[in-house]
Amino acid sequence: MASERFVFALSAPEVDELGDCADRLFGDGTAMDDVVAAAVELPTLEARLSNWRDELRGGLGVVVLRGIPVRSWGTDKTSMAYWCLGHALGSPGQQNPQGELLGHVTDYRDDASAGLVRLYRTNDDIRFHCDAADVVGLLALRTAEEGGASRIASSTAIYNEIVRRRPDMATELFKPFIYDRRDEEAPGESPVFRVAPATWDGEMLRVFWHSDYMRSAVRHEGIDLSARRQEFIDLFDSIGSEPEMRLDMVFEEGDIQLISNHTVVHSRTAYVDSDEPDDRRHLLRLWLSL
């Protein structure tokens, strides 16, 4: 997967257009939660937005945009400009039961060894997974001093490799697995849900993968993970982690990474932060429906 195929530098007029959108909304007194797609006008970016949307729907499944001046804009303007871009591409969705729409991915010093911690709140490794949206977007406000690479792999390529190496295991991807909600269920909702990791829609293999949530489901009474299923989970994760199957991307400040959750799995390497509080790794996250 050659990175130059999906990395796009934003031109000065395109950057200005995003900044102007943010300034106009601030000037109108519009709160972020009150922004609607009709209020977002990005005519200069319109053609490229359409191409990027197509790339995420049926192309490589990853788009990286470069050139947001996060230092000069500051967090508030950058967040609003990113929000404008999200509304131009699709519809932002809630990322947790608290209704968070614009997530902050940074090290909150949560204990990574705790059983149900959301690992994005730590500086630890994160295993391959997908998020519950068509697209996940990450904008880098600050990068790590060391590590913190975004690791991506084609879920289709992983499946094809499973078929090649272990054809006896390939059908497991189409059988329902039990996923743990990890205490984020709504009142009265089951603490687990059941879904097949993969479906074939006639044109595309669509994968929803979250092995940590498959593994931790066994903490609930009456739920077991067979040796075969455990082997399959380990097989999928290990193939995706092989150097020839994955691509590691190091964020630069102002980068926006957009990933299709249907065709790409993503993870993250552990990182070391700066000693300066204002320079600690900090990403803004969007979940988008296209």
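The values are calculated or read from the model by the stated rules, or taken from the named source; none is laboratory data. Since the structure is predicted, the reported quantities are computational estimates derived from the model, not experimental observations. Note that we place each Cβ from the backbone using ideal geometry, even for glycine, and neighbour counts take in every protein chain shown.
Quick notes
- Top-ranked residue in the stretch 70-123 [being part of a loop (DSSP other than H, G, I, E, B) and among the hydrophobic types (A, V, I, L, M, F, W, C); ranked as nearest to Ser190 (Cα to Cα)]: Leu116
Listed here are the residues, each with its yes/no results for (1) over 14 Å from the mean Cα position of the chain (by Cα); (2) aliphatic (A, V, I, L, M).
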{"site": "Ala88", "(1), (2)": "yes, yes"}
{"site": "Arg109", "(1), (2)": "yes, no"}
{"site": "Val117", "(1), (2)": "yes, yes"}
{"site": "Asn123", "(1), (2)": "yes, no"}
{"site": "Arg127", "(1), (2)": "no, no"}
{"site": "Val135", "(1), (2)": "no, yes"}
{"site": "Glu145", "(1), (2)": "yes, no"}
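- Glu17 vs. criteria of a type outside the set (Val, Ile, Thr), touching a Pro at 6+ places or on another chain (Cβ under 8 Å), without any contact (Cβ under 8 Å) to a residue 40 or more places away in the chain and surrounded by 14 or more Cβ atoms within 10 Å (Cβ to Cβ): yes
- The stretch 49-69, residues that are part of a helix (DSSP H, G or I) and free of Cβ contacts under 8 Å to residues at least 60 places away in the same chain: Leu49, Ser50, Asn51, Asp54, Glu55
- Within the stretch 182-240, being touching a Leu at 6+ places or on another chain (Cβ under 6 Å), assigned to a loop (DSSP other than H, G, I, E, B) and modelled with pLDDT of 95 or more holds for one residue alone: Pro197.
- Of all residues in the stretch 124-140, one or more are outside any helix (DSSP H, G or I), among the small types (Gly, Ala, Ser) and more than 28 Å from Ala196 (Cα to Cα).
- Unique match (being surrounded by 13 or more Cβ atoms within 10 Å (Cβ to Cβ), touching a Pro at 6+ places or on another chain (Cβ under 6 Å) and under 23 Å from Ser150 (Cα atoms)) among Gly61, Gly90, Gly86: Gly86
- Residues satisfying the stated conditions in the stretch 247-290, i.e. surrounded by fewer than 20 Cβ atoms within 10 Å (Cβ to Cβ) and touching a Gly at 6+ places or on another chain (Cβ under 8 Å): Val250, Thr269, Ala270, Tyr271, Val272, Arg285, Ser289, Leu290
- Between Val192, Val272, Val218, Val207, the distinction of being among the β-branched types (Val, Ile, Thr) and under 19 Å from Asn123 (Cα atoms) belongs to Val272 only.
- Residue satisfying all of: in the stretch 140-156; over 23 Å from Met245 (Cβ atoms) and out of contact with any Gly (no Cβ under 8 Å at 6 or more places or on another chain); surrounded by the fewest Cβ atoms within 10 Å (Cβ to Cβ) among these: Glu146
- Residues in the stretch 243-290 that are closer than 21 Å to Arg53 by Cα, assigned to a loop (DSSP other than H, G, I, E, B) and at pLDDT 95 or above: 5 in all.
- Number of positions in the stretch 191-224 that are in contact with a His (Cβ under 9 Å, 6 or more places away or on another chain), surrounded by fewer than 17 Cβ atoms within 10 Å (Cβ to Cβ) and within 21 Å of Gln94 (Cα to Cα): 1
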